[in-house]
Amino acid sequence: MSKSLKIKLSIADRVYPLTIDPAQEEGLRRATKKIEGMIKQFEKSYAVRDKQDVLAMCALQFAAQVEQKSIDKVNDQQDVEERLLALNKLLHDHLA
């Protein structure tokens with residue numbers, strides 16, 4: 001069993017202390033960096049009144065990316081299934 005690691009992450013000028021599994025640290029730090037980059041981009045591109053608005057837009061963008069990857073994965077699986085069926089038919093026709 002791995003030991004817990006205590007870290008602090010800064011998001012939108014707030015510090016969040018977390019106790020995590022050491023294997024999670026790199027992913028959390030990368031996510032934090034990505035969120036901070038998005039915050040800066042939103043603040044630069046839009047008239048933002050509140051950090052909460054920016055964080056909501058970041059959450060929406062992340063959620064949309066996850067959903068799009070899920071949709072893409074389903075489409076890829078369907079494409080692979082169709083190709084395998086076509087290949088199977090070609091093999092079956094050739095061997096018959």
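Could you list, in sequence order, all residues of region 1-37 that are in a helix (DSSP H, G or I) and either farther than 26 Å from Asp50 by Cβ or acidic (Asp, Glu) (or both)?
Filtering region 1-37 for residues in a helix (DSSP H, G or I) gives 22-37.
Pro22, Ala23, Gln24, Glu25, Glu26, Gly27, Glu36 - these are the residues of region 1-37 that are in a helix (DSSP H, G or I) and either farther than 26 Å from Asp50 by Cβ or acidic (Asp, Glu) (or both).
Determine if region 32-43 includes at least one residue that is free of Cβ contacts under 8 Å to residues at least 12 places away in the same chain and of a type in the set (Phe, Trp, Tyr).
Going residue by residue through region 32-43, those that are free of Cβ contacts under 8 Å to residues at least 12 places away in the same chain are 33-34, 37, 40-41, 43.
If we keep only those that are of a type in the set (Phe, Trp, Tyr) too, we end up with none.
No, region 32-43 contains no residue that is free of Cβ contacts under 8 Å to residues at least 12 places away in the same chain and of a type in the set (Phe, Trp, Tyr).
In region 65-87, is there at least one residue being without any contact (Cβ under 8 Å) to a residue 40 or more places away in the chain, within 30 Å of Leu5 (Cα to Cα) and open to solvent by less than 100 Å² (accessible area, probe 1.4 Å)?
The answer is yes; a qualifying residue exists.
The values are calculated or read from the model by the stated rules, or taken from the named source; none is laboratory data. Since we're looking at a predicted model, the values are computed, not measured. All Cβ positions, glycine included, derive from the backbone under ideal geometry; neighbour counts span all protein chains shown. Remember, those area values only see protein heavy atoms, side chains included, never the ligands or the DNA or RNA. Shrake-Rupley method; radii C 1.70, N 1.55, O 1.52, S 1.80 Å.
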